[in-house]
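Everything below concerns the one structure shown next.
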Amino acid sequence: MDYRIGFSKDIHRLVENRKLIIGGVVIPFEKGELAHSDGDVLYHALAESILGALALGDLGKHFPDTSDETLNMDSSLIVSKVVTMMEEKGYKVNNTDIFVSLEKPKLKDYIETIRHNVATLLKVDIERVSVKAGTNEKMGPVGEGLAIEASAITLLVKNK
């Protein structure tokens, strides 16, 4: 079997007057991600891990932050477009493991909905999607509540 693995991470500043969107879920909080798109750091890391597995470059190559087309773009569209690229190359997702790092708010009440959203976008069973969250122990920009970060690793398998 032909396997490909891709890893990525994304980080965004947290600022007032923006929505906090993680894995397609709007989470009530006083700050949100500063970004050209909607800033969904989880979806960005996920999409770029798939691009990496396919050796297609980074997110900025395909969705530049200088384009009016990507301004305030719903990041689920980014993932959907990357999944289409993956399918055109003859691959499907075997599984993905995603970690979100932020001091607050706690994500435990949202994890299952996020997993469902990711599984739906990737067209896989939810058992193939792992989403975890943790703090940065008050260290660095994430720990100081200035940023949110996500990392994703995704294994692709060639269609039979």
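General remarks:
- Pairs, first free of Cβ contacts under 8 Å to residues at least 60 places away in the same chain in the range 137-149, second of a type in the set (S, T, N, Q) and surrounded by 12 or more Cβ atoms within 10 Å (Cβ to Cβ), C-beta under 6 Å, six or more apart: GLY143/ASN136
- Selection status of VAL124, outside any helix (DSSP H, G or I), out of contact with any helix residue (DSSP H, G or I) (no Cβ under 6 Å at 6 or more places or on another chain) and of a type in the set (A, V, I, L, M): yes
- The set of residues in the range 37-72 that are part of a loop (DSSP other than H, G, I, E, B) and crowded, with 16+ Cβ neighbours inside 10 Å comprises SER37, ASP38, GLY39, ASP40, LEU54, LEU56, PHE63.
- Within the option set GLU137, GLU127, being over 14 Å from ASP40 (Cα atoms), of a type in the set (Asp, Glu) and modelled with pLDDT under 95 holds for one residue only, GLU137.
- Filter result for the condition that a residue is surrounded by 14 or more Cβ atoms within 10 Å (Cβ to Cβ) and over 23 Å from ALA53 (Cβ atoms), over LEU107, LEU155: LEU107
- Residues of the range 14-36 satisfying the condition of being assigned to a strand (DSSP E or B) and touching a helix residue (DSSP H, G or I) at 6+ places or on another chain (Cβ under 8 Å): ILE21, ILE22, VAL25, GLU33
- As for the range 95-112, it holds at least one residue that is among the polar types (S, T, N, Q), closer than 24 Å to GLU16 by Cβ and part of a strand (DSSP E or B).
- Residue match in the range 73-92 (condition: part of a loop (DSSP other than H, G, I, E, B), at pLDDT below 95, surrounded by fewer than 16 Cβ atoms within 10 Å (Cβ to Cβ) and within 14 Å of the chain's Cα centre (by Cα)): yes
- One residue alone among GLU48, GLU30 is farther than 20 Å from LYS104 by Cβ, among the charged types (D, E, K, R) and in contact (Cβ under 8 Å) with a residue 12 or more places away in the chain, and that residue is GLU48.
- Check on ILE114, within 20 Å of LEU77 (Cα to Cα) and in contact (Cβ under 8 Å) with a residue 60 or more places away in the chain: yes
The values are calculated or read from the model by the stated rules, or taken from the named source; none is laboratory data. Bear in mind the structure is a predicted one, so any value in this text is a computation, not a measurement. When we count neighbours, we look across all protein chains shown, and the Cβ atoms used for this are built from the backbone with ideal geometry, even at glycine.
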